[in-house]
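One structure is given below, encoded as structure tokens.
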Amino acid sequence: MFDNAWGWADSTLEPAWVPRVQTLGLPCGQYFDAVRAGADSAASAHEILGSHSGPVLANSDTRTWFFLLEPGAVAPGSWEVRGSRLLRPGTIISVPPAFITTGRDVRWVVLPGRGTTRPDDLRAALDGRTPPPPAPHRRDRRTTSLPIR
């Protein structure tokens, strides 16, 4: 069902690794992998993905977005999407508490919850293509997107 690294709890959709009080630097590869993209292409990809998007962070100051994927979802060296980069394991990214959804510093565009972005869907969206719909028998519970600011 879900990878244990995401730390899903029965009573909440928020993974245990999400800070409760302040922004923390967390390493890629431990709780998530991350694809970094420029704000413009990432916002377009986010629109294309719609409800098929898993957790997404944005930083208005650096004009970068981070799509969080399940750890190990993409084989090292296999991410070749122009304008984006799969961050190496151990790369530290700033992760804010779930209540930080606005502001110029790092914030949540899509809160973490049940479900992650499928790497193939993200590839397609970053290339400007609409990903294929999920198989009919599969029901993923995705998180609700917050307004882009």
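Bear in mind these aren't lab numbers, they're just calculated from the coordinates by the rules spelled out. From a predicted model like this one, the values you see are computed outputs, not experimental measurements. Methodologically, a virtual Cβ is constructed for each residue, glycine included, from the backbone with ideal geometry; neighbour enumeration extends over all protein chains shown.
How high is the FRET efficiency between residue 129 and residue 75 when r is their beta carbon distance and R₀ equals 22 Å, given to the nearest 0.05?
Values: r = 21 Å, r/R0 = 0.96.
So the FRET efficiency works out to roughly 0.55.
Taking the number of other C-beta atoms within 10 Å as the exposure measure, put 18, 74 in order starting with the fewest.
Values: 18 20, 74 17.
The order, fewest Cβ neighbours first, is 74, 18.
Just to confirm a number: summing +1 for Lys and Arg and -1 for Asp and Glu over residues other than residue 85 whose beta-carbon lies under 15 angstrom from that of residue 85, what do you get? Display every interim value, and only then the final one.
On the way: positive: 36, 63, 82, 88, 123; negative: 33, 80, 127.
Counting the neighbours of residue 85, the net charge comes to +2.
Can you compute the FRET efficiency between residue 21 and residue 62 using 1/(1 + (r/R0)^6), with r the Cβ-Cβ distance and R0 = 25 Å? Round to the nearest 0.05. Before the final figure, lay out each step's value.
Numbers: r = 23 Å, r/R0 = 0.92.
Computed FRET efficiency for residue 21 and residue 62 comes out at 0.65.
Fewest Cβ neighbours within 10 Å first, please rank 46, 52 accordingly. Provide the component values of the computation, followed by the final result.
Values: 46 24, 52 19.
By the 10 Å Cβ count, ascending, the order reads 52, 46.
Expected output is a single nm value to one decimal: the length gained when fully extending between residue 47 and residue 104, i.e. 0.36 nm times separation in residues minus the C-alpha distance. What is it? List each step's numbers first, then the result.
Details: separation 57, 0.36 × 57 = 20.52 nm, distance 2.02 nm.
Going from the current span to full extension adds 18.5 nm.
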